[in-house]
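Undergrad: To start, I am sharing the structure in question, which I have written as structure tokens.
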Amino acid sequence: MYHAGRYGLRLARLLRCLALIWLGSIPLGAAATDIHWLWDDRCAECHGHSADFARSFLRITDNRLLGRHQFRELHLFLGNHYTPERDVDAVYDMLQAQVLTVPRYREECSACHGGAAEFIRNAMLVQSGTLTSRATRQPIDEFMQSHRRLDPQSIEFYLRLLKRVANEVYGE
Ligand code: HEC
Ligand code: HEC
């Protein structure tokens with residue numbers, strides 16, 4: 001029967017160590033941008049809070065996001081306006097989602113939790129595709145069933161919102 005001696009075990013450990021170091025040194029490609037961070041860093045000084053800006057100045061017609069100028073194609077505009085090329089789609093999608101989302105989070109949650117993006121960065125992570133509490137590791141889907149006595153529609157609304165913002169913060 002084969003019996004790994006001490007030397008064999010040590011060698012195996014050493015090899016595993018080297019493999020981890022080697023894996024760690026491979027660049028994993030550019031990480032996704034935190035779109036809320038991007039906005040706060042590059043856009044907020046002129047436009048203020050992103051959702052307020054979106055709700056006040058933008059609208060959606062025929063599935064297209066429009067600003068004050070009816071014929072301006074906002075994808076093209078953003079690409080020439082402070083937004084890095086690789087983030088144009090994500091910024092466009094965020095603004096579109098914000099136009100479509102009523103400000104309930106602000107009214108019902110932010111007094112205790114602050115802004116949604118910051119709340120998510122601090123308190124939640126996405127683990128194998130599931131939005132999860134950093135502190136308790138409980139799936140947020142589960143937690144929200146008994147938080148604040150929300151009715152099923154509100155629970156659905158907030159879960160959709162939190163998952164969307166988590167996606168904007170952490171990327172896909
Ligand atoms: C230095 C100030 C400044 C910064 C920084 C800035 N913007 Fe703007 N933005 C403007 C001004 C001024 C306009 C209006 C221009 C116009 O209508 O021709 C505008 C227009 C827009 C519009 C179109 C609004 C409409 O009604 O058509 C969008 C969308 C927009 N900005 C997004 C962004 C994003 C996203 C960023 C950051 C990546 C950003 N802006 C950074 C000043 C700024
Ligand atoms: C009166 C204060 C208060 C309000 C308002 C409030 N929460 Fe909470 N929330 C808490 C507290 C305190 C916790 C910590 C866990 C607990 O005690 O239930 C928490 C935890 C959470 C968590 C889990 C975070 C973690 O670290 O695991 C989520 C998600 C959450 N709240 C979402 C919401 C949403 C969405 C709303 C708006 C409908 C909301 N909360 C409104 C006080 C509040």
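Read the figures in this text as sums done on the coordinates, not as results from a lab. The shown structure was predicted, so the numbers you read here are calculated from the model rather than taken from an experiment. Cβ sites come from the backbone with ideal geometry, for glycine too, and all protein chains shown count toward neighbours.
Undergrad: Tell me, what is the FRET efficiency for T130 and R68 to the nearest 0.05, using R0 = 35 angstrom and their Cβ-Cβ distance as r?
TA: Details: r = 40 Å, r/R0 = 1.14.
Once rounded, the FRET efficiency stands at 0.30.
Undergrad: Looking at the calculated P(r) for region 132-172, what percent of the C-alpha pair distances fall above 13 Å? If you can, show how the numbers build up before the last one.
TA: Values: 462 of 820 pairs.
Percent of Cα pairs beyond 13 Å in region 132-172: 56.
Undergrad: Here is a follow-up. Provide S128, S154, S56 in ascending order of the number of other Cβ atoms located within 10 Å of each residue's Cβ, fewest first.
TA: Details: S128 5, S154 14, S56 11.
Starting with the residue having the fewest Cβ neighbours, the order is S128, S56, S154.
Undergrad: What does the charge add up to near S56, with Lys and Arg as +1, Asp and Glu as -1, over the other residues with Cβ less than 15 Å from its Cβ?
TA: Net charge around S56: +3.
Undergrad: In angstroms, what radius of gyration and Dmax does region 76-132 have, counting Cα atoms only?
TA: Here Rg and the maximum Cα pair distance are 14.4, 38 Å.
Undergrad: Figure the gain on full extension for C46 and H81 (residue separation times 0.36 nm, minus the Cα-Cα span) and round it to one decimal in nm.
TA: 11.4 nm
Undergrad: Oh, and also: Only sites in a loop by DSSP and with at most 16 other Cβ atoms within 10 Å count here; which chymotrypsin sites (Phe, Trp or Tyr not before Pro) in region 82-128 make the cut? Walk me through the numbers before you get to the answer.
TA: On the way: sites: Y82, Y92, Y105, F119; in loops: Y82.
The qualifying sites are Y82.
Undergrad: Here's something else I'd like to know. With the cut-off at 1.5 for a/c, could you classify region 28-67 from its C-alpha gyration tensor as rounded, prolate or oblate? Present the calculation step by step, with values, prior to reporting the outcome.
TA: Working: a/c = 3.72, a/b = 1.47, b/c = 2.53.
Oblate shape, in that a/c is at least 1.5 and b/c is the bigger or equal ratio.
Undergrad: Sorted by average packing, counted as other Cβ atoms within 10 angstrom per residue and highest first, what order do 134-142, 95-103, 44-52 take?
TA: On the way: 134-142: 12.3, 95-103: 16.4, 44-52: 14.4.
Taking the mean over residues of other Cβ atoms within 10 Å, the ranking is 95-103, 44-52, 134-142.
Undergrad: Using 1/(1 + (r/R0)^6) with R0 = 35 angstrom and r between the beta carbons of H147 and D93, what's the FRET efficiency to the nearest 0.05? Provide the component values of the computation, followed by the final result.
TA: Working: r = 27 Å, r/R0 = 0.78.
It comes out at approximately 0.80.
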